[in-house]
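Each reported figure results from applying straightforward, stated rules to the coordinates on display, with no laboratory input. Fair warning: this is a prediction, and the values are worked out from it, not measured in the lab. Every residue, glycine among them, receives a Cβ derived from its backbone with ideal geometry; neighbour counts consider all protein chains shown.
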Amino acid sequence: MNLNNSLNNSLHKELERYNELVSTHPDNPGAYVQRGMVKFKLAQVNESIADFDAAEKLKPSITPYLWQRGLSYYYANRFAEGASQFEIDLTVNSQDVEETVWRYLCVARLQGSDEARKSLLSVKNDPRLVMRKVYELYGGNCSTEDVLKIGNPFDKRSKFYSHLYVGLYFEASDRTEEAQSYITKAVDSYRIDDYMWYLARVHKIVRSWDKK
């Protein structure tokens with residue numbers, strides 16, 4: 001059994017468990033969030049959004065914490081809603097580079113990377129060195145090579161994040177070949193047990209890169 005089949009089988013079993021949990025606890029917003037995350041990992045993007053929406057309906061105060069929905073919006077090509085979600089997220093998590101970078105990515109798809117850079121929101125104290133360098137890249141203050149140099153001396157997690165966000169940066173600039181190269185390497189060479197690794201895998205699926 002190859003890796004993709006093994007992962008999908010495991011995720012489908014996890015989905016069955018959350019289907020049962022939602023069935024027995026239909027008023028539990030957390031159950032919908034967790035099921036939505038599994039659906040996203042399976043590249044069921046629109047279905048994941050429906051679950052995140054259901055969680056929000058049950059508990060409106062959860063809205064600033066639905067960063068997962070912002071990611072799903074991006075892959076559903078709902079970029080304005082994605083940008084709005086990340087702006088809301090930053091009101092409770094103002095030091096997370098990823099929130100503002102994903103807002104950048106949504107804005108770039110709507111208005112271009114130059115406008116996205118001009119409206120990049122301020123983040124100063126993300127504890128992750130590689131993400132601080134990613135922020136500099138998206139702000140136009142360093143090169144992709146600088147980001148990759150930061151990632152390389154560290155562990156697999158840093159290597160994954162540097163390659164993922166360099167790839168996304170290239171995609172925002174319509175440099176598809178470079179985007180595919182770096183995101184594919186992030187998935188294939190630097191697998192980690194992290195939601196963002198699954199996101200990179202979903203990226204490949206949505207872009208049909210595995211079929212090329």
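Below, the figures for the structure above:
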| quantity | calculated |
| --- | --- |
| Reachable lysines, given that their alpha-carbon falls under 17 Å from the alpha-carbon of K204 and they are not under 8 places away in the same chain | K39, K41, K185, K212 |
| Residue-count net charge about I192 - beta-carbon cut-off 15 Å; Lys, Arg +1, Asp, Glu -1 | +3 |
| Residue order, fewest to most beta carbons within 10 Å, for D193, D89, D53 | D193, D53, D89 |
| Surrounding net charge for R78, when Lys and Arg each add one and Asp and Glu each subtract one, Cβ distance under 13 Å | 0 |
| Mean Cα-pair separation over length for the chain, i.e. relative contact order, pairs under 8 Å, 6 or more apart, % | 13 |
| Ascending count of other beta-carbon atoms within 10 Å, so fewest first, for D51, D96, D155 | D155, D96, D51 |
| Two-site label geometry, D53 and N28: point separation in nm, points 7 Å out along Cα→Cβ | 2.4 |
| Ordering of 128-134, 111-117, 7-13 by packing [mean C-beta count within 10 Å, highest first] | 128-134, 111-117, 7-13 |
| C-alpha center-to-center spacing [region 1-79, region 87-162] in angstrom | 25 |
